[in-house]
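The values are calculated or read from the model by the stated rules, or taken from the named source; none is laboratory data. Given the structure is predicted, the values throughout are model-derived calculations rather than measurements. Heads up, the Cβs are rebuilt from the backbone with ideal geometry, glycines too, and the neighbour counts pull from every protein chain shown.
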Amino acid sequence: MNERVYANGIDRLRSPERIERLEVDKVVDLCLCESKIDSVLDIGTGSGLFAEAFFKKGIKVAGIDLNPDMVETVRNILPDCEFKISAAEELPYDDNSFDMIFMGVVFHEVDNYIKVLKETKRVAVKSVSILEWNYKTEEYGPPIEHRLSEEFIRKIAEESGFINVKRIPMKNLILYRLYK
C-alpha cells in the first residue's frame with residue numbers, strides 16, 4: 001500500500017478534537033475572505049472535513065484523494081459534490097477549473113512539491129491555500145522531518161510561478177495563501 005494513503009480510520013479524522021485542532025471553520029473563513037470564491041478543489045480531501053465546510057458556505061466543491069475508501073465516504077457525506085481518486089501531481093481537471101485550490105494538512109505528504117504546485121497553479125483561477133503544521137516538534141501531527149518550513153514553501157512557490165505568498169499563523173497550524 002502507498003504510504004501516503006491514510007489507513008487509520010475515518011472516524012478519527014472527523015473527531016471533535018481534530019476539528020478543533022484544525023480550526024476548520026476559521027480556516028475556511030480565512031480562505032474565503034479576500035476575494036469572491038465560487039468553486040474549490042480540495043486536494044487530499046480525506047473524510048471531507050474542509051470540503052463539507054466549504055460546501056456549507058455555498059461553494060461548489062470537488063475533491064481528490066488517493067484512498068478509494070475516503071473518496072467513497074466523502075461521496076456519501078457530500079453527494080452533490082464531485083470526488084475522484086487521484087494524486088495531486090496529476091490533477092484530472094482542465095486549466096482554470098476552480099477559483100481556489102485547497103490542501104489541508106496534506107502538502108507535506110506529496111511526492112513532488114514543485115509538480116503539485118505547478119498543477120495547482122494550472123487548475124486554479126485565483127489562489128492556492130495550503131494548511132500545514134508548524135515547523136517544529138509538537139505533540140500532534142507528523143514528525144519534524146516531514147514538516148515544511150516557511151522558507152521552503154516560499155522558495156518552491158516562487159519556483160512554481162506564484163507571485164505572492166501570504167503566511168497566516170493559527171493556533172496549531174499555518175495557512176499559506178499562494179497567489180497567481
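Would you mind listing the strands (runs of 3 or more DSSP E) fully within segment 1-115 where at least 3 residues are among the aliphatic types (A, V, I, L, M) and at pLDDT 95 or above? Before you say what the answer is, go through the steps one by one.
Details: elements: 39-43, 60-65, 82-85, 98-104.
Qualifying strands (runs of 3 or more DSSP E): 39-43, 60-65, 98-104.
Filtering segment 126-163 down to residues that are more than 16 Å from the chain's Cα centre (by Cα) and of a type in the set (Val, Ile, Thr), which residue is farthest from residue 103 (Cα to Cα)?
Top of the filtered list is 137.
In segment 79-122, which residues are over 15 Å from the mean Cα position of the chain (by Cα) and crowded, with 20+ Cβ neighbours inside 10 Å?
81
Restricting the search to segment 122-146, which residues are under 20 Å from residue 164 (Cβ atoms), in contact (Cβ under 8 Å) with a residue 40 or more places away in the chain and not aliphatic (A, V, I, L, M)?
Once the filter is applied, which keeps residues that are under 20 Å from residue 164 (Cβ atoms), in contact (Cβ under 8 Å) with a residue 40 or more places away in the chain and not aliphatic (A, V, I, L, M), segment 122-146 yields 126, 127, 129, 132.
Is it the case, given these coordinates, that residue 166 is under 23 Å from residue 28 (Cβ atoms), assigned to a strand (DSSP E or B), at pLDDT 95 or above and of a type in the set (Lys, Arg)? Spell out the reasoning first.
On the way: under 23 Å from residue 28 (Cβ atoms): yes; assigned to a strand (DSSP E or B): yes; at pLDDT 95 or above: yes; of a type in the set (Lys, Arg): yes.
Criteria met by residue 166.
Hey, can you tell me all the residues within segment 129-163 that are among the hydrophobic types (A, V, I, L, M, F, W, C), outside any helix (DSSP H, G or I) and more than 13 Å from residue 106 (Cα to Cα)? Lay out the reasoning, then the answer.
Residues of segment 129-163 that are among the hydrophobic types (A, V, I, L, M, F, W, C), as a first pass: 130-131, 133, 144, 148, 152-153, 156-157, 162-163.
Remaining after also requiring outside any helix (DSSP H, G or I): 130-131, 133, 148, 162-163.
If the condition is that a residue be among the hydrophobic types (A, V, I, L, M, F, W, C), outside any helix (DSSP H, G or I) and more than 13 Å from residue 106 (Cα to Cα), then 162, 163 are the ones that fit.
Out of all the residues in segment 34-66, which are in contact with a Phe, Trp or Tyr (Cβ under 6 Å, 6 or more places away or on another chain) and either free of Cβ contacts under 8 Å to residues at least 40 places away in the same chain or on the phi > 0 side of the Ramachandran plot (or both)?
61, 63
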